[in-house]
Amino acid sequence: MERYKYSELSASEIQKLVQRNVDPANEVRAIVEEIIAEVKEKGDKALVAYASKFDQVELEKLYLDKEELTTVAASVSDKQKAALEVAYNNIYKFHQAQLKTEDKIETMPGVTCWRELRPIEKVGLYIPGGSAVLPSTFLMLGIPARIAGCHEIVVCSPPQKDGKVNAFIAFVALKLGIDRIYLAGGAQAVAAMAYGTETITKVDKIFGPGNQFVTKAKTIVQSTTAIDMPAGPSEVLVIADESCKPAFVAADLLAQCEHGPDSQAILVCASGKIADEVLAEVEKQIPALPRAEIVRAALNNSYIIITDTLGEAMSFSNAYAPEHLILATMSWEQLTAGILNAGSVFLGNLTPESAGDYASGTNHTLPTSAFARAYSGVSVDSFVKKITFQHITPEGLKNIGPSVEVLAALEGLDAHKNAVSARLENK
């Protein structure tokens with residue numbers, strides 16, 4: 001991991017460091033646009049062809065039904081089921097509390113305004129496959145969708161080599177009451193949910209993380225179908241001072257790197273000594289990891305920033321806007337107020353990102369690539385619309401009407417003025 005001294009970096013150098021997943025030659029866009037066009041034109045036929053090309057699977061049909069999911073899920077052990085149940089219960093509890101009824105507000109006597117929630121009717125959930133199968137992502141998306149009351153939940157996940165899905169994905173589907181999973185991955189799955197095919201229903205909003213191709217597909221189709229956020233390759237930024245545990249910090253960096261070679265792990269620390277201790281632990285821990293090759297590729301894509309103060313560390317973090325931010329310091333309470341841009345934050349030496357990834361209750365579908373500057377992570381709010389209502393009584397019309405008449409007149413919109421005047425004159 002290359003090292004940089006924060007105080008020696010220019011503004012342009014910092015800007016270059018915090019950029020990631022750029023596609024300057026539009027190579028990814030070109031590939032994704034071709035895939036989207038194929039799916040729009042050929043539908044199911046294109047999905048079968050892409051499964052053969054990208055997943056090396058010859059599909060006889062594009063989905064697994066409830067009976068097939070039940071058979072696949074049967075191999076999940078009791079211990080694994082218990083762990084998934086813990087995760088389900090904690091995630092459900094945290095997200096259920098987000099479903100709130102807002103108060104009605106009387107803005108002036110006789111004028112009452114309020115908002116009510118309505119579920120997005122049809123949502124599409126993309127559950128990544130590839131080198132790592134993520135039942136946790138299924139829980140993170142499916143639970144708030146169920147709590148919100150979405151009428152139809154379409155689930156796409158890449159087929160495994162046997163033409164099915166992982167047993168844990170199947171188990172979660174049954175737990176969520178979802179009885180069909182479509183065997184489609186990558187940009188083609190996003191296109192299928194955005195535009196619909198003979199088998200897959202067109203949805204109103206697409207959710208789920210993925211690689212650069214999935215993320216690019218989501219950004220392209222959002223002119224037609226809403227998306228949760230641009231959630232691409234995963235990333236973590238760890239702020240560490242002398243009170244950190246280097247072995248813990250190293251484990252956190254490696255946990256992020258094993259997602260994929262395009263993942264990124266940034267260490268922002270108070271001294272070269274801390275960096276040396278963490279890197280020594282990294283080298284000590286890597287040999288035991290089955291995904292060591294992927295980890296090393298991601299480490300080559302990562303770096304260390306050495307700062308003089310925790311204030312400098314927070315300034316860099318806000319510029320980077322990490323998906324995951326870990327404050328590996330006993331002084332974390334002094335830093336939280338300074339956090340402006342982050343997807344999810346993990347406080348202190350005993351709070352690993354892994355807890356939030358799986359089972360603490362918070363959602364792990366989070367904005368990446370600095371989109372934490374403007375986006376929040378997935379929540380129940382992501383699956384609902386908030387519709388405003390208002391009601392005006394005779395007293396309210398008398399109170400508000402003259403102001404509306406004046407405002408409409410000054411904008412030159414006489415029909416707007418007359419809509420009020422007609423009511424005032426008809427009392």
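The values are calculated or read from the model by the stated rules, or taken from the named source; none is laboratory data. Please read these numbers as outputs of a predicted model, since none were measured by experiment. Cβ coordinates were reconstructed from backbone atoms using ideal geometry, including for glycine residues, and neighbour counts include every protein chain displayed. Note: accessible area is taken over every heavy atom of the protein model, side chains too, but ligands, DNA and RNA are not part of it. Shrake-Rupley method; radii C 1.70, N 1.55, O 1.52, S 1.80 Å.
Listed values for segment 120-129 are Karplus-derived 3J(HN,Hα) couplings in whole Hz (6.51 cos²θ - 1.76 cosθ + 1.60, θ = phi - 60°), namely 5, 5, 10, 10, x, 10, 9, 10, x, x, and x replaces Gly and Pro. Among the protein heavy atoms of segment 273-427, carbon and sulfur supply 56% of the accessible surface, probe 1.4 Å, non-protein parts ignored. Kindly state, to the nearest 0.05, the FRET efficiency for Gln56 paired with Glu27, given R0 = 25 Å and r defined as their beta-carbon distance. Working from the Cβ atoms, E equals 0.65. The slack between Ser354 and Ala288, meaning 0.36 nm per residue of separation minus the straight C-alpha distance, is 22.0 nm. Rolling a 1.4 Å probe over the heavy atoms of the protein chains gives segment 134-180 an accessible area of 30 Å² per residue.
Residues whose amide H comes within less than 5 Å of that of Ala226, counting only those at least five positions distant or on another chain, are Ile206 (H built at 1.01 Å from N in the peptide plane).
Here's the picture: a label point sits 7 Å out from the Cα of Lys5 along the beta-carbon direction, and within segment 269-312 the residues with their amide nitrogen under 14 Å of it are 271-273, 305-309. Note on the chain: helix-only mean residue ellipticity at 222 nm, from DSSP H runs of 4+ residues weighted -39500 (n - 2.57) and normalised by residue number, equals -13500 deg cm²/dmol. Converting phi to 3J(HN,Hα) with the Karplus coefficients 6.51, -1.76 and 1.60 and the offset θ = phi - 60°, segment 103-115 yields 6, 7, 10, 8, 5, 7, x, x, 10, 10, 10, 7, 10 Hz in sequence order, with x at every glycine or proline.
By the compact-protein rule of thumb, 2.2 N^0.38 Å, the alpha-carbon radius of gyration of the chain corresponds to a ratio of 1.14.
For the Cα atoms of the chain, what angle does the longest principal axis make with the long axis of helix 44-54, in degrees from 0 to 90, nearest 10? It works out to around 20 degrees. For segment 359-427, lysine pairs with C-alpha atoms less than 29 angstrom apart, excluding pairs fewer than eight positions apart on the same chain, total 5. Taking 24 Å as the straight-line reach from the Cα of Lys273, the lysines in range (excluding those fewer than 8 positions away in the same chain) are Lys5, Lys245, Lys284.
Straight-line cross-link reach from Lys45 at under 19 Å between alpha-carbon atoms covers these aspartates and glutamates, not counting any fewer than eight positions away in the same chain: Glu33, Glu34, Asp55, Glu58, Glu60, Glu198.
A Cα-only calculation for segment 291-427 places Rg and Dmax at 26.0, 78 Å.
The angle between the Cα long axis of helix 272-285 and the longest principal axis of the Cα atoms of the chain comes to about 70 degrees, rounded to the nearest 10. For segment 111-206, give the percent of accessible area contributed by carbon and sulfur heavy atoms, probe 1.4 Å, rounded to a whole number. Looking at segment 111-206 in its full context, I get 47 percent from C and S. A 1.4 Å probe run over the protein chains yields, for segment 265-361, 42 Å² of accessible area per residue, whole-number rounding. Per-residue 3J(HN,Hα) values for segment 179-194, derived from phi via the Karplus relation 6.51 cos²θ - 1.76 cosθ + 1.60 with θ = phi - 60°, read 10, 8, 10, 8, 8, 9, x, x, 4, 5, 5, 4, 4, 4, 6, 6 Hz in sequence order (x marks Gly and Pro).
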